[in-house]
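Below is one structure, written out as structure tokens; the observations come after it.
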Amino acid sequence: MNPRPPVWTNVEQFDRLLKLRLKFALIDFIKQEVEKIEREVLFTDVSNPEQLEVAVIDEYFQEIAIFNVKKQIITVNDEHIAAAICTLPKEKRNVILLYYFLGLNDVEISKILKAKKGIIGYRRRSGLKILRKILTEQGYENV
């Protein structure tokens, strides 16, 4: 006579299945953690040039001037230059900012400001002349 194998109830089968599932999930988790530890590099082990590649240097707005020209935000990092630009009349200031800080040419500036190209050139040259005068008075030599 052959003894009959024990009859498994649905609860026992489900319990066994869950235990196996948990066991394999734990094994997978441990493998992933080991792989992660092997890939990680301590910050102290990274050389200075490599640190500079991934570094982020915070720039706070203490020394930055922000100008808004026709819904375009322009930042000037030098406070002396920003102060000199603030002394210019609005039309000349806008042309100087668009030309020298955004790199637009006279034709593009004339479209943005809706003025003739010749007027834009005049405003740029006269504004630059005023800026040179102000900055040389402040001690800037290579202006």
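The table for this structure:
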| read-out | value |
| --- | --- |
| Hey, GLU91 surrounded by 11 or more Cβ atoms within 10 Å (Cβ to Cβ) and assigned to a helix (DSSP H, G or I) or not | yes |
| Among residues of the range 102-124, those that are assigned to a helix (DSSP H, G or I) and surrounded by fewer than 17 Cβ atoms within 10 Å (Cβ to Cβ), counted | 8 |
| Counted residues, the range 35-51 - those being exposed (fewer than 10 other Cβ atoms within 10 Å of the Cβ) and outside any loop (DSSP other than H, G, I, E, B) | 9 |
| Some residue of the range 69-86 being more than 26 Å from the chain's Cα centre (by Cα) and assigned by TED's automatic domain parsing to the domain that holds GLY118 | yes |
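The values are calculated or read from the model by the stated rules, or taken from the named source; none is laboratory data. What you see is a predicted model, and the numbers here were worked out from it, not measured in a lab. In this analysis, Cβ positions are derived from the backbone assuming ideal geometry, glycine residues included, and neighbour counts consider all displayed protein chains.
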